[in-house]
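Here, each number is a calculation from the coordinates, and none is a lab measurement. What you see is a predicted model; the values in this text were computed from it and never measured. Here the Cβ positions follow ideal geometry from the backbone for every residue, glycine too, while neighbour counts run over all protein chains shown.
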Amino acid sequence: MRTCSLCNKGTKIGQNRSHAQNRTPRTFMANIQKVTLTVGEDKISGIFCTKCLKRIKKEAKEQKTALK
């Protein structure tokens, strides 16, 4: 459900630990965004984690400067 289309990062299960060392279950959710990006003349749409979005935007910027 909440997984990145590129890296398959998704929800992880962990534990909350109190000062008394009691354990209760909790979930760590990835920051997933539904986006449409314009890279050059191509439009990329999908569900990406913010780490992958940052990487895609950086690669697009590097491509743009390499073309100049």
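Starting from the Cα-Cα distance between Arg2 and Ala66, subtract it from 0.36 nm times their residue separation and give me the gain in nm to one decimal.
Residue separation times 0.36 nm, minus the Cα-Cα distance, leaves 19.6 nm.
In what sequence, highest mean first, do 48-58, 29-39, 10-20 appear when ranked by Cβ atoms within 10 angstrom?
48-58, 29-39, 10-20
Which whole-number percent is the relative contact order of the stretch 12-67 (Cα, under 8 Å, 6+ apart)? Don't skip to the answer; put the middle values down first.
Numbers: 54 pairs, mean separation 12.6, N = 56.
About 22 percent, as a whole number.
Where in the chain are there GluC sites (Glu not before Pro) that are in a DSSP coil and have at most 15 other Cβ atoms within 10 angstrom of their Cβ?
Details: sites: Glu41, Glu59, Glu62; in loops: Glu41.
Passing both the DSSP loop test and the Cβ count: Glu41.
Excluding same-chain residues fewer than 8 positions from Lys64, which lysines have a Cα within less than 16 Å of its Cα?
Result set, ordered by chain and number: Lys43, Lys54.
For the chain, taking Cα atoms only, what is the radius of gyration to one decimal and the Dmax to the nearest whole Å?
Cα-based Rg and Dmax for the chain come out at 17.5, 60 Å.
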